[in-house]
Amino acid sequence: MLLEILLAIIFLWDWYFFAGYLTRLMDMYKTREWVPFVSILIPAYNEGQTITESIKSALSQDYPAFEVIVIDDGSEDDTFEKASSINDPRLRVFRKAHEGKAKALNFGLSKAKGEVIVTTDADSLLSPDALRHLVEGFYSPEVVGVGGQVRVLGNSFLERAQDVEHLRIAMFRRAKELEDLSVAPGPISAFRREALEKIGGFVESEVEDYATTKELKKIGKVVYAPRAKVYTRMPKTLGDLWRQRKRWFLGDLKHLGGGLEKELFFLLLGDFIALLDIMVPVALLLSGKLGLFSFFLGYEILTFLIPTVVEGGSLLNALLFPIFLWFWAVFYLVLHIYGYLLKIYRNL
């Protein structure tokens with residue numbers, strides 16, 4: 001009976017978000033026809049292998065009035081040379097001493113001419129209509145920031161797992177954050193220039209996108225534009241993935257807030273569900289309850305298949321979703337326990 005109760009808790013948790021997602025699909029998120037001049041900022045540090053593609057995707061935007069500013073943050077490779085070799089009047093390339101991403105963005109902000117500032121990464125490819133959909137998100141003067149949808153390039157297990165993760169994030173954001181985005185992601189976000197200047201520019205933090213979003217929400221709204229997409233490269237090894245997500249999580253712990261979903265209670269509740277995601281399927285198998293185990297697999301696949309079709313994901317990833325779900329439950333539970341213990345140790 002205990003297994004059935006724990007399984008029901010998982011189903012209720014998943015349904016809470018899935019039902020919200022289905023409901024918001026029926027809603028039209030607010031947009032506005034507006035054509036301000038836009039500055040696209042691309043900070044780059046040792047991105048010689050990817051910078052050319054990133055710039056070309058930015059220059060290929062289906063939007064009439066924009067510029068692209070590349071800020072080489074003291075790269076030690078050929079990033080600056082490759083960026084400078086692209087001949088386009090809309091492109092400007094600057095080089096500065098290496099001081100980190102936030103300072104590179106603020107340097108770009110000081111050079112930008114746009115009324116709207118868009119950020120993307122030097123290892124990311126903007127979809128051709130990304131800029132247009134971002135700008136549409138400024139449907140009223142109170143909207144100071146708009147975040148888009150991040151997807152992951154590549155076909156390895158880890159790359160597929162990360163695309164599944166980001167599609168789940170897209171599902172959550174459409175369900176719960178259309179009008180109150182918790183973080184405008186670094187690879188694809190847009191901000192009113194005057195709002196950035198009012199808060200003193202991009203916040204210097206290891207999670208500058210989250211920290212900047214929090215500051216902006218003190219003076220206006222940050223919303224989600226699900227049709228604005230960027231395709232980015234993510235870690236290809238487990239070690240690199242751990243180091244990236246450790247930096248993100250430890251940075252997030254310093255800035256907890258922004259609504260119930262970002263408070264510590266909700267974070268711990270999510271960790272409890274992750275523990276159930278790990279233990280319950282294994283317990284069902286070991287106890288011989290194959291019918292319930294099959295139902296669990298089918299339910300998880302179904303709740304991921306619909307967002308996959310709507311948002312444009314891989315059907316293979318949807319079919320393998322229970323495997324990816326189990327992987328992420330183990331990964332994040334271990335990471336979060338590590339983060340909590342480290343925070344406690346540092347506060348002693």
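The values are calculated or read from the model by the stated rules, or taken from the named source; none is laboratory data. No experiment lies behind these values; they were computed from the predicted model shown. Here the Cβ is made from the backbone with ideal geometry for all residues, glycine too, and neighbour counts use every protein chain on show.
Summed over segment 37-74, the residues that are among the hydroxyl-bearing types (S, T, Y) and closer than 19 Å to E204 by Cα give a count of 1. Each residue in segment 214-259 was checked for being more than 19 Å from E165 (Cβ to Cβ), among the β-branched types (V, I, T) and either crowded, with 19+ Cβ neighbours inside 10 Å or outside the structural domain of R173 (by TED's automatic domain parsing) (or both), and 2 of them qualify. In the set A329, A318, only one residue is of a type in the set (G, A, S), at pLDDT 90 or above, closer than 19 Å to L264 by Cα and part of a helix (DSSP H, G or I); that residue is A329. Highlighted here are the helices (runs of 4 or more DSSP H) found entirely within segment 96-197 that include at least 1 residues which are within 24 Å of T308 (Cβ to Cβ): 130-136, 157-176. Residues in segment 122-139: is at least one closer than 23 Å to Y210 by Cβ, buried (at least 19 other Cβ atoms within 10 Å of the Cβ) and of a type in the set (V, I, T)? Yes, segment 122-139 contains a residue that is closer than 23 Å to Y210 by Cβ, buried (at least 19 other Cβ atoms within 10 Å of the Cβ) and of a type in the set (V, I, T). Examine segment 266-282 for a residue that is at negative phi, touching a helix residue (DSSP H, G or I) at 6+ places or on another chain (Cβ under 6 Å) and outside any helix (DSSP H, G or I), and state whether such a residue exists. So far as segment 266-282 goes, no, none of its residues is at negative phi, touching a helix residue (DSSP H, G or I) at 6+ places or on another chain (Cβ under 6 Å) and outside any helix (DSSP H, G or I). Every listed requirement among (1) surrounded by fewer than 20 Cβ atoms within 10 Å (Cβ to Cβ); (2) hydroxyl-bearing (S, T, Y); (3) over 25 Å from L342 (Cβ atoms) is met by S189 save one, (1).
Of the residues making up segment 21-46, those that are modelled with pLDDT of 95 or more and crowded, with 16+ Cβ neighbours inside 10 Å are V38, S39, I40, L41, I42, P43, A44, Y45, N46.
Of the residues A211, A274, the single one that is in the same structural domain as E47 (by TED's automatic domain parsing), of a type in the set (A, V, I, L, M, F, W, C) and modelled with pLDDT under 95 is A211.
N106 meets each of the listed conditions (1) in contact with a strand residue (DSSP E or B) (Cβ under 6 Å, 6 or more places away or on another chain); (2) crowded, with 19+ Cβ neighbours inside 10 Å apart from (1).
Within segment 46-86, being of a type in the set (F, W, Y) and touching a residue at least 60 places away in the same chain (Cβ under 8 Å) holds for Y63, F66. N106 meets all of the listed conditions (1) touching a Phe, Trp or Tyr at 6+ places or on another chain (Cβ under 6 Å); (2) free of Cβ contacts under 8 Å to residues at least 60 places away in the same chain but one, namely (2).
Taken together, the residues in segment 285-315 that are assigned to a helix (DSSP H, G or I) and closer than 23 Å to L153 by Cα amount to 11.
Checking each residue in segment 263-294 for being closer than 15 Å to L320 by Cα and surrounded by fewer than 17 Cβ atoms within 10 Å (Cβ to Cβ) picks out only S294.
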